[in-house]
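In what follows, a structure is listed as structure tokens, so that the remarks can point back to it.
The values are calculated or read from the model by the stated rules, or taken from the named source; none is laboratory data. Just so it is clear, the model here is predicted, and its values are computed rather than measured. Cβ atoms come from the backbone with ideal geometry, glycine included; neighbour counts cover every protein chain shown. The accessibility values were calculated without ligands, DNA or RNA, using every heavy atom of the protein model including side chains. Shrake-Rupley method; radii C 1.70, N 1.55, O 1.52, S 1.80 Å.
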Amino acid sequence: MKRIYLTLFTLMLVLSIQAQDGLQINAFFDKDYQRRENATEVLVKGKKLKPYNLTLFRSITLKDAPDEAIKIEQCLLKDAEQAVETVGANFGDRLFYGFYCLPPRYDDEYRYMFYRNTSVKPGSQRHEVTLVYMEGYATLDEIENMFK
């Protein structure tokens, strides 16, 4: 019986961590980015997200990484082509922030991507890029209210 529980737990862990597979942004949630001094990664799943009606929350923030910010932005915009709803703002030809609702993947769970690059805002002293991926049953309105 323990073997069955262990197998199920492992399978659930792998599926939830790889939830953003098939998206270009998946590359930024791998171990190469997690280990960087200028990176902060957050991974939350399970009971802690229940009050927010989410099943998975992943984010990575990189500080003082302008080249990486460009790569993240390019991958995000490629993934955003499949979005069913988008909200965003640019400064010049660079994306300052973007919020994207992707088509459900399975079990009718919504999928969301959020991006913010503080360095493109004129006069900004903060130079960081944040990428967030979320899954769950929260509506777009609920997610937007969380980010306000």
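Based on the Kirkwood radius over alpha-carbon pairs, what value in µm²/s does the Stokes-Einstein equation return for the translational diffusion coefficient of the chain at 4 °C and 1.567 mPa s? Mind showing how you got there, number by number?
Details: Rh = 16.2 Å.
Value of D from the Cα-based Kirkwood radius: 80 µm²/s.
What part of the accessible area of the stretch 98-148, given as a whole %, is carbon or sulfur when the probe is 1.4 angstrom?
Numbers: 1180 of 2510 Å².
Using a 1.4 Å probe with all protein chains present, the stretch 98-148 comes out at 47 percent carbon and sulfur.
Just add up the charged neighbours of C101: K/R +1, D/E -1, any other residue whose Cβ is under 11 Å from the Cβ of C101.
Result for the neighbourhood of C101: -2.
Calculate for the chain the 222 nm mean residue ellipticity that helices alone would give, adding -39,500 (n - 2.57) per DSSP H run of length 4 or more and normalising by residue count, nearest 500 deg cm²/dmol. Can you show the working numbers first?
Working: 4 runs with 43 residues, N = 148.
That calculation yields -8500 deg cm²/dmol at 222 nm.
Counting heavy atoms of the protein chains only and a 1.4 Å probe, report the per residue accessible area for the chain as a whole number of Å².
That works out to 62 Å² per residue.
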